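The values are calculated or read from the model by the stated rules, or taken from the named source; none is laboratory data. The structure displayed is predicted, hence computed values, not measured ones. Here Cβ is always computed from backbone atoms with ideal geometry, including for glycine, and neighbour counts include all displayed protein chains. Each accessible area value is taken on the protein alone, full model and side chains, heavy atoms only, with ligands, DNA and RNA left out. Shrake-Rupley method; radii C 1.70, N 1.55, O 1.52, S 1.80 Å.
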Amino acid sequence: MAAHQEKKLAKERKHQNMQNDTKASQGQWGRAWEVDWFSLASILFLLIFAPLIVYYFIMSCAQYQCSLTDPLLDLLTGNKHLSDIWNRTPMLTYRAAGIYSLWVIFQVVLYVSIPDVCHKFLPGYVGGVQEGAVTPAGVVNKYEINGLQAWIITHVLWFANASCFHFFSPTILFDNWIPLLWCANILGYAVSTFAMIKGYFFPTNAKDCKFTGNFFYDYMMGIEFNPRIGKWFDFKLFFNGRPGIVAWTLINLSFAAKQQELYGEVTNSMILVNVLQGIYVLDFFWNEAWYLKTIDICHDHFGWYLGWGDCVWLPYLYTLQGLYLVYHPVQLCTAHAAVVLMVGLLGYYIFRMTNHQKDLFRRTNGNCRIWGKKPEYIECSYMSVDGTKYYSKLMTSGFWGWARHFNYTGDLMGSLAYCLACGFEHMLPYFYIIYMTILLTHRCIRDEHRCSSKYGKDWKHYTAAVPYRLLPGIF
């Protein structure tokens, strides 16, 4: 009798634990349900100051030769007023509006109207229709992976124009840089506002929506998990990869063309920035199918953070090194250039191989070899909103045994290389490594909070096996 009663109590405890695990998964897997005061204060700060930060950096280059302190000194000493700086800022023009509208429309057409063919003749490339990760509501979306194809078509046309057709100058982006900034802001705010309205009135999947009741948090972090129009136009995939990242290499090429026009040469520092950042962009599109498993797609909802961020923050602040080198051309000595190249390539190798190990482990369900032996892992389980139980394996060997986010370590090394290519005369080019360090550290913490809520006690076993986040033995 006592044994029967004990068995019954154990069963009830197990059932209660499962309900608690499910509740935790429903509450925290993906974006949070509730807003604490610190999150709200951070969001209000970003909504107010992020657009001003972008403007300040671009204005500093246009009016103060990329000095970040001179504008403040002018204002504090009374040499200039805000109105003086603003009156010297180029406004929105019909030309810029036309350029930007054609650009976005062209990328939409490439995204939704031309199925991928690259995967049919490029060995090792995964394109075409691919499945994403399971959402909190248990949905598995399908995506048309054709970013590499869009990038190739766009750049072939760019070089064809530069060498043969001459419909527009290769310096067109630099020449219209600030007017294009206003266009990017208009699109960023428009798509973010539309996404919020859509989440309220006609969501793609109501079960994958989250409402906190706080307007600013919902606007910033998004309501819908995967907002879509029709079968294939996915907001997150499009705006994460196109138009911003396709434009990244074109922007750098335009800066290089402007340097050639102004000084009669392209410096080795500009070449290094174009090459290293070009490798990163190409890697993104080559592994676009893998990107479906990253935090942006698997956890983030689509709001201002992604909508405006991908339209404005990414193309304008990720390209600061090239912009700086137009105003301050730097010809590096051979040793300096070699160090920059070595740090950049080593960072890329760590970034790519770490992600490759994880992808190989996932694709083979652990039936593979990492560094010559079978990988070690922790098996985890989690619940979706509909109560379905899923299982995951978290690798604890290879680079993933060194640190839980060692791919970010490689990413940071690459980011540092871009900055080092610009020399040490100004602070502006180094904003990128400072920002990326903050971003990726915050992303580590945010991702691990979600994983802890998602996996529960299994996550504790994993962090005990891999105790460091980014730097083995340090952090």
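At-a-glance table
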read-out	value
Fraction in percent of alpha-carbon pairs per bin - 5 Å, segment 107-200	2, 10, 11, 13, 18, 17, 13, 9, 4, 1, 0
Net lengthening on full extension, ALA41/LYS457 (0.36 nm per residue, minus Cα-Cα)	146.7 nm
Accessible area in square angstrom per residue, the chain, 1.4 angstrom probe	47 Å²
Global geometry of segment 432-475, whether rounded, prolate or oblate, following the gyration tensor of its Cα atoms and the 1.5 cut on a/c	oblate
Charged-residue dipole, Cβ positions (Lys, Arg, Asp, Glu), segment 242-371 about Cα centre, Debye nearest 20	460 debye
Estimated inter-spin distance, LYS120 and VAL275, nm [label 7 Å along Cα→Cβ]	3.5 nm
Exposed trypsin sites (Lys or Arg not before Pro) absent: longest stretch of the chain, with sites in DSSP loops and at most 16 other Cβ within 10 Å deemed exposed	89-230
Descending semi-axes in Å of segment 277-363, equivalent ellipsoid built from Cα gyration tensor	29, 22, 8
Whole-Hz ³J(HN,Hα) from phi, Karplus 6.51 cos²θ - 1.76 cosθ + 1.60, for segment 255-264, glycine and proline x	5, 5, 5, 5, 4, 4, 5, 7, 10, x
Mean-position separation - Cα centroids, segment 195-229 and segment 260-322, in angstrom	26 Å
Filter on LYS120/LYS389; LYS236/LYS460; LYS142/LYS454; LYS120/LYS293; LYS120/LYS258; LYS210/LYS236 - keep pairs with C-alpha separation over 28 Å	LYS120/LYS389; LYS236/LYS460; LYS120/LYS258
GluC sites (Glu not before Pro) within segment 223-311, DSSP loop, no more than 12 other Cβ atoms inside 10 Å	GLU265
Chymotrypsin sites (Phe, Trp or Tyr not before Pro) restricted to segment 333-415 and DSSP loop, no more than 16 other C-beta within 10 Å	TRP371
Segment 267-279 - phi-based ³J(HN,Hα) in whole Hz, Karplus 6.51/-1.76/1.60, Gly and Pro as x	6, 5, 5, 5, 5, 4, 4, 4, 5, 5, 6, x, 4
Over segment 332-474: Rg over Rh, Cα atoms, Kirkwood Rh	1.06
Estimated dipole of the chain in Debye, rounded to 20 [Cβ of Lys and Arg +1, of Asp and Glu -1, Cα centre]	1760 debye
Kirkwood hydrodynamic radius (C-alpha pairs) into Stokes-Einstein, the chain, 37 °C and 0.692 mPa s, D in µm²/s	135 µm²/s
Per DSSP, loop chymotrypsin sites (Phe, Trp or Tyr not before Pro) in segment 120-170 with at most 11 further Cβ within 10 Å	PHE167
Theoretical FRET efficiency, 1/(1+(r/R0)^6), r = Cβ-Cβ of LYS142 and PHE216, R0 30 Å, to 0.05	0.35
Portion, in percent, of the accessible area of the chain that falls on carbon or sulfur, probe 1.4 Å	66 percent
Length-normalised contact order for segment 189-268 - Cα pairs under 8 Å, 6+ apart - percent	22 percent
Full-stretch length increase - PHE424, ARG88 - with 0.36 nm per residue and alpha-carbon distance subtracted	118.1 nm
Cα-centre dipole for segment 80-194 with unit charges at Cβ (Lys and Arg positive, Asp and Glu negative), debye to 20	180 debye
Value at 222 nm in deg cm²/dmol, rounded to 500, when DSSP H runs of n ≥ 4 in the chain each add -39,500 (n - 2.57)	-20000 deg cm²/dmol
Length gained when the stretch ALA335-TYR435 is fully extended (0.36 nm per residue, less Cα-Cα span)	33.3 nm
From phi via Karplus (6.51, -1.76, 1.60), per-residue ³J(HN,Hα) for segment 135-145 in Hz, x at Gly/Pro	7, x, 7, x, 8, 10, 7, 9, 10, 8, 8
Nearest-0.05 FRET efficiency for PHE233 and ARG446, computed from C-beta distance (R0 22 Å)	0.20
Mean Cα-pair separation over length for the chain, i.e. relative contact order, pairs under 8 Å, 6 or more apart, %	19 percent
Distance (nanometres) between label positions extended 7 Å along Cα→Cβ at LEU345 and VAL156	2.9 nm
Quotient of Cα Rg and 2.2 N^0.38 Å for segment 90-329, N being how many residues it contains	1.05
